[in-house]
Structures are given as C-alpha cells and as structure tokens.
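S.K.: Before I ask anything, let me first share the structure, which is written out below as structure tokens.
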Amino acid sequence: MGLDPATGALVPGGIAAETARALENLAAVLRAAGFCLADVVKTTVYLTDLAEFAAMNEVYGRYLPAPHPARATVQVAKLPAAARVEIEAVAARRQRAVGRVS
C-alpha cells in the first residue's frame, strides 16, 4: 500500500501518489531479497474504485515498463488504513541459457 515507511501513514495526494509509494515500497522489499522490479512476473492490484484504474495504470507503467508482468486488477470494498490501492507481486529469477541450443 502507499504507506510512508518512516511514519506508517498513508501518503497524501490520491491514487497516483499512493500507487507510486506502493511501488517504491515494493521495490525496497524486492531489493532486500536480492530482486528488482524487472524480476516481477505477476501482480495483483486491488483498487477501492475501478474508476481510478487509468490514473493508477499510468504510474504503474512507469515503474513496471514493457514487457509488463501478468496482472490481475480487482475492485475491493475496503483496504486497511483507508488506502485506495494495494499491489501484490510475485518475483522470480530468470534462467539464463547455458551452452548452445540446437
């Protein structure tokens, strides 16, 4: 979610600010585990209002550029801390080809 890690409070500024903070938080968790946003293969985005999809998607596209990971987006009735968006991700290490393929 778009919680400020220093204060634990939801960032102000609406869906775009919350999405950016959520993705920055996600990037920090991935870094701590030795991954990066490029390693994300699947996300689930929970929105309290699907009318905010376009604004969320614009920010999402800046953090997770093409080729985009698989994604499901669903509307939920409510999120903790009155958040508007929550993003869940699955990351995987990419296998490198070794040797020659014939």
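Please treat every number below as a calculation from the coordinates, not as lab data. Being a predicted model, the structure only gives us computed values, none of them experimental. Here the Cβ is made from the backbone with ideal geometry for all residues, glycine too, and neighbour counts use every protein chain on show.
S.K.: What's the FRET efficiency of ALA66 with ASP4 using the Cβ-Cβ distance as r and R₀ = 22 Å, to the nearest 0.05?
M.R.: Details: r = 29 Å, r/R0 = 1.32.
E between ALA66 and ASP4, to the nearest 0.05, is 0.15.
S.K.: Most fluctuating residue of ALA38, ALA91, ALA66 in a GNM of the chain with Cα springs under 10 Å: which is it?
M.R.: ALA66
S.K.: Moving on to the next point. Summing +1 for each Lys or Arg and -1 for each Asp or Glu, what net charge is found among the other residues whose Cβ lies under 11 Å from the Cβ of ARG31? The partial results should precede the final answer.
M.R.: Working: positive: none; negative: GLU24, ASP39.
Counting the neighbours of ARG31, the net charge comes to -2.
S.K.: Could you tell me which of PHE35, ALA16, ALA89 has its Cα farthest along the dipole of the chain towards the positive end, charges placed at Cβ (Lys, Arg +1; Asp, Glu -1), taken about the Cα centre?
M.R.: After comparing all options, I get PHE35.
S.K.: Let me ask you something else. Please determine, in degrees from 0 to 90 and to the nearest 10, the orientation of helix 53-63 with respect to the longest principal axis defined by the Cα atoms of the chain, where the helix direction is its Cα long axis.
M.R.: 40 degrees
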